[in-house]
Amino acid sequence: PDWNEAGNRIYFQAEDGFMVSLYRLNPDDGKIEKLPLEVSYDNNFSIGDHETRWLSYTGQNYYINGQAWLLDLNTGKSTLLDSPLSERYDNIDFGKADVWNFTASDGTEIEGRVVLPPDFDPSCKYPLIVYYYGGTSPSQESLGHPYSPQVFASRGYVAYVLNPSGTTGYGQEFSARHVNAWGDRTADDIIEGVKQFCKEHPYVDSKKIGCLGASYGGFMTQLLQTKTDIFAAAVSHAGISNLTSYWGEGYWGYSYNSVAAAQSYPWTDPELFTRHGSLFNADKIHTPLLLLHGTVDTNVPIGESIQLFNALKILGRTVEFITVEDSNHVVTDYEKRLVWQNTIMAWFAKYLQDDPRWWDSLYGK
């Protein structure tokens, strides 16, 4: 938040579903006003202590990134100051992005986005890639996201992104559905959403659906495969397979569970810490699963992928395990990010587009 002394207002960013919006608070009456921006995702903003008319901000959406704007607080109009990345993005054909929400069986509206391939033809059948949150933070309309749906669309996929139960940015009740659930209601929302999406969009090949997520989203990827057979391929980056070992390891395990499993512990609720993870349900997994993990992950230790990989190999299931050397929870090294991204896309090409050549070129037959 930023206190503006001249105007006696507090300016702050907040999650707003798929958006990060900018708000203005009047401390005298508690009234909060949402400011009109030209971007969906506000990266940052600045306003002077003694300035009441002008506010600068930068942001992005599914088509632009890194733009700087000047907002006239008197008129609500924004003026573009600079767009240093426009030369790069002007030469890219982006896919059309649109809103697609559905009402779950419990009456909850689940917000989602769909991005189509740039050369989309409604008479064709397309494979589908589904993405959902990590860490229960909402997926957002941002081109710079590590799992931008525009990347998937550029490779000939329809991309469906949803914010299921447990996501922050939709109010306390909605986010609290995450507590002591470890994926139960969330998985139902994802499965129901995917089925409904395919039903309403005949251009999707329902036999060629992939899913992926990272961190808690990686946990969800693994868990989903124990509950449904609708996916033809799945990718889990830095996913949690065993809630008990995760609780006791890493820098975040115990502290994360203090919210995700509030007042619950492995010795007070062993059912929660075993039956809700993929490891104790590994025999139910039949989907080809790619496990990715940084070798020095201090958030979700690499053993979470090793355990599930061993279990699935013993069961004779289709699974691959790729490590990212000397990488933590997020892959930050540019060259390693290229290999990491190519690995994900090669996996989906093999199982969703029936083309193993990319995968074989990276890892052999």
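Taking segment 153-199 on its own, how many of its residues are touching a Ser or Thr at 6+ places or on another chain (Cβ under 7 Å), within 28 Å of residue 265 (Cβ to Cβ) and open to solvent by 20 Å² or more (accessible area, probe 1.4 Å)? Total meeting the criteria: 5. Only one of the numbered conditions (1) out of contact with any Phe, Trp or Tyr (no Cβ under 7 Å at 6 or more places or on another chain); (2) over 25 Å from residue 354 (Cα atoms); (3) among the polar types (S, T, N, Q); (4) crowded, with 17+ Cβ neighbours inside 10 Å is not met by residue 221, and that is (2). Might you check whether a residue that is within 30 Å of residue 85 (Cβ to Cβ), of a type in the set (S, T, N, Q), open to solvent by 10 Å² or more (accessible area, probe 1.4 Å) and assigned to a loop (DSSP other than H, G, I, E, B) occurs anywhere in segment 134-148? Yes, some residue in segment 134-148 is within 30 Å of residue 85 (Cβ to Cβ), of a type in the set (S, T, N, Q), open to solvent by 10 Å² or more (accessible area, probe 1.4 Å) and assigned to a loop (DSSP other than H, G, I, E, B).
Checking each residue in segment 267-285 for being exposed (fewer than 15 other Cβ atoms within 10 Å of the Cβ) and among the polar types (S, T, N, Q) picks out only 268. Screening residue 349 with (1) open to solvent by less than 10 Å² (accessible area, probe 1.4 Å); (2) assigned to a helix (DSSP H, G or I); (3) closer than 25 Å to residue 252 by Cβ gives one miss only, at (3).
Of the numbered criteria (1) assigned to a loop (DSSP other than H, G, I, E, B); (2) surrounded by 19 or more Cβ atoms within 10 Å (Cβ to Cβ), the one residue 29 fails is (2).
Quick one: is residue 264 hydroxyl-bearing (Ser, Thr, Tyr), open to solvent by less than 10 Å² (accessible area, probe 1.4 Å) and touching a Leu at 6+ places or on another chain (Cβ under 8 Å)? Answer is no for this residue. Say whether the condition of being in contact (Cβ under 8 Å) with a residue 60 or more places away in the chain, more than 27 Å from residue 365 (Cβ to Cβ) and touching a Ser or Thr at 6+ places or on another chain (Cβ under 9 Å) is met by at least one residue in segment 273-287. Yes: one or more hits.
Among the residues of segment 286-308, those identified as of a type outside the set (Ser, Thr, Tyr), assigned to a helix (DSSP H, G or I) and open to solvent by less than 40 Å² (accessible area, probe 1.4 Å) are 303, 304, 308.
Looking at residue 117, is it part of a loop (DSSP other than H, G, I, E, B) and not charged (D, E, K, R)? So residue 117 fits the description; yes.
The rows are residues; the columns are (1) free of Cβ contacts under 8 Å to residues at least 12 places away in the same chain; (2) more than 20 Å from residue 305 (Cα to Cα); (3) not in a helix (DSSP H, G or I).
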residue	(1), (2), (3)
188	no, yes, no
209	no, yes, yes
212	no, no, yes
220	no, no, no
234	no, no, yes
246	no, no, no
258	yes, yes, no
271	yes, yes, no
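Residues that are assigned to a loop (DSSP other than H, G, I, E, B) and in contact with a Pro (Cβ under 9 Å, 6 or more places away or on another chain) within segment 309-321 comprise 317, 318, listed in sequence order. Whenever a residue of segment 138-160 is more than 17 Å from residue 100 (Cβ to Cβ), its partners that are among the hydrophobic types (A, V, I, L, M, F, W, C) and modelled with pLDDT of 95 or more, lying with C-beta atoms within less than 7 angstrom and at least six residues away or across chains, give the pairs 147/212; 155/345.
Condition check: within 25 Å of the chain's Cα centre (by Cα), crowded, with 16+ Cβ neighbours inside 10 Å and in a strand (DSSP E or B). Does residue 37 satisfy that? Judged against the criteria, residue 37 is not a match. Applying the selection to segment 85-99, what residues are open to solvent by less than 90 Å² (accessible area, probe 1.4 Å) and either at pLDDT below 95 or charged (D, E, K, R) (or both)? The answer is 85, 86, 89, 92, 98. A single member of 135, 144, 156 is over 15 Å from the mean Cα position of the chain (by Cα) and of a type outside the set (Ser, Thr, Tyr), and it is 156. Screening 238, 233 for residues that are open to solvent by less than 10 Å² (accessible area, probe 1.4 Å) and on the phi > 0 side of the Ramachandran plot leaves exactly one candidate, 238. Residues in segment 15-25 that are touching a Lys or Arg at 6+ places or on another chain (Cβ under 9 Å) and either touching a residue at least 60 places away in the same chain (Cβ under 8 Å) or not in a strand (DSSP E or B) (or both) were compared, and the one that is nearest to residue 60 (Cα to Cα) is 18.
The values are calculated or read from the model by the stated rules, or taken from the named source; none is laboratory data. None of these values were measured; they are calculated from a predicted model. Note: ideal-geometry Cβ built from the backbone for every residue, glycine included; neighbour counts use all protein chains shown. Just so you know, the surface numbers come from the protein's heavy atoms only, side chains and all, with ligands and any DNA or RNA stripped out. Shrake-Rupley method; radii C 1.70, N 1.55, O 1.52, S 1.80 Å.
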